[in-house]
Amino acid sequence: MMRLGRMQRGLTVWMVLLLLSGLGGFLLQASAKYNARQSVMQRTITALAIAQQALLAYANQPLGVTQCEMNCQRPGDLPCPDRNNDGIAETSCSTTSRLGRLPWKTLGIGDIRDGSGERLWYAVSERYKNNPRALPLNLDTPGSWDVRSTDGPIWEAISGNGAVAVIIAPMQPLLRRDGWHQQRSDTGSEVAKHYLDMTDIGDNANPVEGSSHGFVMTPVSEHFNDVVWPITATVMHRQMQQQALSEVTRAVRCVSNPCAAFPIAAALTDDSCWGYQSLNAGKCLSGTSGLGRLPLDISAHWPLAAQHMLDGDARHHWFQQNGWREQVFYQSGPGKVSLVMAGERLSGQQRDSAASKSSITAYLESTTLQALHIPDVNVLAVPSNDTIAILVLP
């Protein structure tokens with residue numbers, strides 16, 4: 001009996017060792033698969049981040065100081081997609097061709113791919129495409145791509161909160177929810193359904209711009225593995241804001257000593273300063289010693305007015321063509337000039353009516369006005385997204 005007990009104990013230990021060995025192998029295999037998935041996703045996220053930075057850099061190219069004719073490069077311009085998989089943006093993108101591949105050659109980056117080895121896809125908003133340009137494009141221009149999940153909208157185009165652009169990593173081919181087998185041969189390289197997936201709430205291969213049927217981002221499943229990366233209007237607007245203020249500051253900066261007298265601002269209520277039409281002589285003239293808008297200044301006090309930045313002719317410069325005069329505020333004073341670039345419209349701010357365009361509170365927040373020593377009891381007491389530049393005159 002003692003011998004039988006020892007045999008049974010030995011058998012039990014041996015079975016436990018076998019089980020542990022099997023479990024260890026399973027855990028090692030599971031760990032290896034997990035690490036592989038993590039590596040794939042890390043490469044994917046890195047590629048998407050590089051693509052966003054490249055697009056933002058493209059939208060922030062130097063604007064130059066020479067004349068252009070009614071189709072001027074401007075802050076926020078984005079390239080058209082690549083529709084034939086050659087890495088080069090198409091020269092034009094109409095209403096039916098704003099989804100394609102990321103134009104990596106045009107962006108000046110390498111042939112970046114997601115973790116599965118596929119090239120990225122890309123869609124651009126109609127108002128942000130660089131050809132043909134739709135006017136105006138400024139900080140009040142929303143994105144037009146809807147992005148939603150099974151929990152509801154994340155960026156909602158129909159409410160004016162759409163994405164400016166969307167980048168998609170297609171990942172490995174699969175069987176789409178509609179029964180379409182994705183096949184990624186040369187003959188199918190331009191067919192979006194071979195790369196982009198669908199759920200019951202949307203189809204990334206057939207998005208409808210400006211509607212609730214845009215792009216879908218949901219967890220990975222049997223029929224969906226797209227990784228969707230929206231470029232939001234807020235991200236783009238911050239960059240546009242800085243670039244526009246830099247350009248205006250350059251145009252206004254005094255380059256002589258002593259400086260000629262700077263004009264006083266145009267009144268906020270002067271509706272001839274609004275919009276993106278050309279300003280004729282006698283329009284948008286100096287009218288207030290306080291904070292107002294940049295006047296046309298027919299006396300040409302602006303140091304670089306001859307370069308058409310501030311001359312009011314919409315044929316010659318992105319500034320007037322895209323209605324930026326509404327969003328730049330200006331005040332001249334002894335020894336200095338203040339420039340304020342309003343940020344994008346915040347919740348509670350309206351800029352559509354004549355009354356709202358005449359109100360400083362539709363554009364600037366409390367901390368901005370406090371910095372300028374301007375009291376206003378009706379201003380929004382929220383964190384400011386405005387930017388101020390103070391030029392000290394020699």
Review point. For the range 194-215, how many residues meet the condition of being part of a helix (DSSP H, G or I) and open to solvent by less than 10 Å² (accessible area, probe 1.4 Å)?
Key: 0
Practice item. Would you please list the contacts, defined by Cβ atoms under 7 Å and residues six or more apart or on different chains, that run from a residue in the range 334-352 that is more than 17 Å from Gln370 (Cα to Cα) to a residue that is in a loop (DSSP other than H, G, I, E, B) and among the β-branched types (Val, Ile, Thr)? Key: Leu346/Val382
Practice item. Would you check if there is a residue in the range 326-335 being of a type in the set (Asp, Glu), surrounded by 19 or more Cβ atoms within 10 Å (Cβ to Cβ) and touching a helix residue (DSSP H, G or I) at 6+ places or on another chain (Cβ under 7 Å)? Key: yes
Review point. So which residues in the range 216-254 are part of a strand (DSSP E or B), within 21 Å of Val40 (Cβ to Cβ) and of a type in the set (A, V, I, L, M, F, W, C)?
Key: Val216, Phe224, Val227, Val228, Trp229
Check your understanding: So, in the range 120-165, of the ones that are open to solvent by less than 50 Å² (accessible area, probe 1.4 Å) and charged (D, E, K, R), which residue ends up nearest to Met341 (Cα to Cα)?
Key -> Asp140
Check your understanding: Taking interchain pairs and intrachain pairs at least six residues apart, which have beta carbon atoms under 9 angstrom, with the first residue in the range 74-89 and farther than 17 Å from Gln242 by Cβ and open to solvent by less than 10 Å² (accessible area, probe 1.4 Å) and the second of a type in the set (Val, Ile, Thr) and part of a loop (DSSP other than H, G, I, E, B)?
Key -> Cys80/Thr91; Asp82/Ile88
Check your understanding: Restricting to helices (runs of 4 or more DSSP H) lying wholly in the range 302-394: which have 1 or more residues that are modelled with pLDDT of 85 or more and over 30 Å from Ser159 (Cβ atoms)?
Key -> 366-371
**Study point:** Filter pass, Ser246 being of a type in the set (Gly, Ala, Ser), within 20 Å of the chain's Cα centre (by Cα) and open to solvent by 60 Å² or more (accessible area, probe 1.4 Å)
**Key:** yes
Point to revise | Residue in the range 108-128 that is of a type in the set (Phe, Trp, Tyr) and either in a loop (DSSP other than H, G, I, E, B) or modelled with pLDDT under 95 (or both) present | key: yes
Check your understanding: Would the range 197-206 turn up any residue that is more than 23 Å from the chain's Cα centre (by Cα), of a type in the set (S, T, N, Q) and more than 25 Å from Ser144 (Cα to Cα)?
Key -> no
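Among the residues of the range 220-242, are any closer than 30 Å to Pro334 by Cβ and either within 21 Å of the chain's Cα centre (by Cα) or surrounded by fewer than 21 Cβ atoms within 10 Å (Cβ to Cβ) (or both)? Spell out the reasoning first.
Of the range 220-242, the ones closer than 30 Å to Pro334 by Cβ are 241-242.
Next cut, either within 21 Å of the chain's Cα centre (by Cα) or surrounded by fewer than 21 Cβ atoms within 10 Å (Cβ to Cβ) (or both) only: 241-242.
Among the residues of the range 220-242, at least one is closer than 30 Å to Pro334 by Cβ and either within 21 Å of the chain's Cα centre (by Cα) or surrounded by fewer than 21 Cβ atoms within 10 Å (Cβ to Cβ) (or both), which makes the answer yes.
The values are calculated or read from the model by the stated rules, or taken from the named source; none is laboratory data. This structure is a prediction, so every number in the text was calculated from the model and none was measured. Glycine gets a Cβ as well: all are built from the backbone with ideal geometry, and neighbour counts include every protein chain shown. When the accessible area is computed, the model is the full protein with side chains, heavy atoms only, and any ligands, DNA or RNA have been set aside. Shrake-Rupley method; radii C 1.70, N 1.55, O 1.52, S 1.80 Å.
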